[in-house]
Amino acid sequence: MRAIRPRRSPAVPLLVAVWAGAAGVIWLWWMNTPSIADNNSRILNAGRITGLLAGYLMALVVLQMARVPALERRVGSDRVARWHAMTGRYTICLVLAHLFLTMWGYALQAGKGLGGIVQQTIDSINQLPDVGKATIGTGLLVLIGLISIGPIRRRISYDLWYHVHLLTYAATYLSFWHQLSTGNEFAVQPAAKTAWYALYGSVTALVVWYRIVTPIRLNLRHRLRVEAVIEETPGIVSVLMTGRKLHRMGATAGQFFRWRFLAPGMRFSSHPYSLSAAPRPNMLRITVKAIGDHSSALRDLTPGTRVWAEGPYGALTADRRSRGKVLLVAGGVGITPMRALFETLPGAPGDLTLLYRANTTQDLALWDELAQIAEERGARLMYAVNSPEGERPDISADTLRRKLPDIDRHDVFMCGPPGFAQQVYEAVRGAGVPARRIHHESFEM
């Protein structure tokens, strides 16, 4: 406890590096643009710069899918996912702008005007090298962007969204080659071409290593199998898994894996679930609420079922802690990482407090375990459930200050649905906890 040194997130240096890369792309365009003399030249150069930036961001989109530990375990998987979604939106917009502006500029050169863009696009696909492949790649990016729109995303299954999303790799591959074969910057600057190859080659190597090689090594070494399935409360089950030398997987309390259970109907589904107990040398446990086809099927798993795991991921760990006292706040099935942290976070009696929000007392999964941990550690355990009339409990800054008068000297870890997380965040900020000491990850898929 005397040596608490919180591990700082590298998010800010990474964002600075990203902006520096974008500035380098703009500089490359500037150095290869001697003049912009007329309207047609302005349109074509706008097409060039949007194309270069789109190519740069496309590499970042794939990098954010590579599950690099420095990102997943230090920045946080949920934050990386938000970066990926935002970068993807910018990439699609830039790709479409590049396509429109370039074809418009070519049409003007050919004396066709704005109305000749469609014909000019067809001609370019037939005549220019690799443009046909890039057009297919653009179509795939648009498809991925469409199914990621909120209303559409909520209407399709996670598995469909996930597998269509993997087409990002194909879209990137198909779009890459025309950048080198038709881009002016790469034709006149061999160093620029080398740098572009290095960028995409490095990203490809990271994807192959962390998405393919690392999971294969992990699963061949540890050989996970289902040991038992236990119903905790109606609709919530715990899955216990055994394997070899599980303590060497590098997992800590608060993290999650992406699990693939090799049972009929589940082999092609990979879903993220947090560990609900500290990892043991021969046992891992997840606790899952049945809210979809995959999570509902977990209750029917049979002992001996092989398990394919990828991870560990997530930054909601003790490394973020900066104070001796800690408040853990869980909403619903968000109790799973909080329960693991409640068990393992170092602390003297009175240092740890867990607040558990659920609709009813029957929904308080793992409650007996939590009570035993609280008794053994001298920790404080509180719950907030709806009244018999259905009235929601008050979780406000005033309430938190009454329960924990020194809350402003706490670190706060929280996990739960987005609406709940936002409510708690505002409450603890209002109670005087600085934002840097509020640690949370969203498990919404």
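The values are calculated or read from the model by the stated rules, or taken from the named source; none is laboratory data. Values in this document were obtained by computation on a predicted structure and should not be read as measured data. Counting neighbours? That spans all protein chains shown, and the Cβs are built from the backbone with ideal geometry, glycine included. For the accessible areas, the whole protein counts, side chains as well, though only heavy atoms, and no ligand, DNA or RNA atoms are used. Shrake-Rupley method; radii C 1.70, N 1.55, O 1.52, S 1.80 Å.
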Task: Boolean, ALA195 is under 30 Å from ALA59 (Cα atoms), in a helix (DSSP H, G or I) and either at pLDDT below 95 or not β-branched (Val, Ile, Thr) (or both) - done: yes
Task: Hits in the range 348-380 - residues which are under 19 Å from ILE407 (Cβ atoms), open to solvent by 30 Å² or more (accessible area, probe 1.4 Å) and in a loop (DSSP other than H, G, I, E, B) - done: ALA348, PRO349, GLY350, GLY378
Open item on the list: Take VAL326 and tell me if it is open to solvent by less than 60 Å² (accessible area, probe 1.4 Å) and modelled with pLDDT of 95 or more.
Closed with: yes
Open item on the list: Name the residue that is least open to solvent (accessible area, probe 1.4 Å), counting only residues in the range 211-236 that are at pLDDT below 95 and part of a loop (DSSP other than H, G, I, E, B).
Closed with: GLY235
- [ ] Just give me the residues in the range 401-439 being hydrophobic (A, V, I, L, M, F, W, C) and either open to solvent by 60 Å² or more (accessible area, probe 1.4 Å) or closer than 24 Å to SER274 by Cβ (or both), in sequence order.
- [x] VAL412, PHE413, MET414, CYS415, PHE420, ALA421, VAL424, ALA427, VAL428, VAL433, ALA435, ILE438
TODO: Return yes when ALA278 is in a loop (DSSP other than H, G, I, E, B), under 20 Å from the mean Cα position of the chain (by Cα) and more than 12 Å from VAL307 (Cβ to Cβ) and no when it is not.
DONE: no
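Can you confirm whether ILE43 is assigned to a helix (DSSP H, G or I), open to solvent by 60 Å² or more (accessible area, probe 1.4 Å) and of a type in the set (Val, Ile, Thr)?
On the way: assigned to a helix (DSSP H, G or I): yes; open to solvent by 60 Å² or more (accessible area, probe 1.4 Å): no; of a type in the set (Val, Ile, Thr): yes.
Judged against the criteria, ILE43 is not a match.
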TODO: Being open to solvent by 20 Å² or more (accessible area, probe 1.4 Å), of a type outside the set (D, E, K, R), farther than 22 Å from ILE49 by Cα and in contact with a helix residue (DSSP H, G or I) (Cβ under 6 Å, 6 or more places away or on another chain) narrows it down to one of LEU167, LEU160, LEU143, so name that one.
DONE: LEU167
Task: Lone qualifier among ARG42, ARG8, ARG48, ARG2 - being at pLDDT below 95 and under 21 Å from GLN255 (Cβ atoms) - done: ARG8
- [ ] Scan the range 82-92 and give yes if some residue there is in contact with a Lys or Arg (Cβ under 9 Å, 6 or more places away or on another chain), surrounded by 15 or more Cβ atoms within 10 Å (Cβ to Cβ) and within 30 Å of PRO10 (Cα to Cα), otherwise no.
- [x] no
- [ ] Residues being free of Cβ contacts under 8 Å to residues at least 60 places away in the same chain and in contact with a Pro (Cβ under 9 Å, 6 or more places away or on another chain): count how many of those fall in the range 53-110.
- [x] 1
TODO: Scan the range 251-299 for residues that are without any contact (Cβ under 8 Å) to a residue 24 or more places away in the chain and among the small types (Gly, Ala, Ser) and report the count.
DONE: 1
Open item on the list: Need pairs with beta-carbon distance below 8 Å; first residue closer than 15 Å to VAL95 by Cβ and within the range 160-174, second charged (D, E, K, R); sequence gap 6+ or separate chains.
Closed with: LEU174/LYS133
Open item on the list: Looking at the range 201-208, can you tell me whether even one residue there is surrounded by 12 or more Cβ atoms within 10 Å (Cβ to Cβ) and in contact with a Lys or Arg (Cβ under 8 Å, 6 or more places away or on another chain)?
Closed with: no
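Could you please let me know if TRP308 is under 24 Å from the mean Cα position of the chain (by Cα), surrounded by fewer than 21 Cβ atoms within 10 Å (Cβ to Cβ) and hydrophobic (A, V, I, L, M, F, W, C)?
yes
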Task: Subset of the range 251-275 that is within 15 Å of LEU316 (Cβ to Cβ) and assigned to a loop (DSSP other than H, G, I, E, B) - its residue that is most open to solvent (accessible area, probe 1.4 Å) - done: THR252
- [ ] Would you confirm whether any residue within the range 179-188 is open to solvent by 70 Å² or more (accessible area, probe 1.4 Å), under 30 Å from MET31 (Cα atoms), among the hydrophobic types (A, V, I, L, M, F, W, C) and free of Cβ contacts under 8 Å to residues at least 40 places away in the same chain?
- [x] yes
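For the range 117-161, name all the residues that are of a type in the set (D, E, K, R) and over 27 Å from the mean Cα position of the chain (by Cα).
ASP123, ASP130, LYS133, listed by residue number.
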Open item on the list: Just to be sure before I move on: is THR204 part of a helix (DSSP H, G or I), β-branched (Val, Ile, Thr) and more than 28 Å from ARG82 (Cβ to Cβ) in the structure I sent?
Closed with: no
Task: Index of the failed condition, ASP78 passing every other in (1) modelled with pLDDT under 90; (2) more than 28 Å from the chain's Cα centre (by Cα) - done: (2)
TODO: Considering only residues that are open to solvent by less than 20 Å² (accessible area, probe 1.4 Å) and of a type in the set (A, V, I, L, M, F, W, C), look in the range 46-59 and name the one that is farthest from the chain's Cα centre (by Cα).
DONE: LEU52
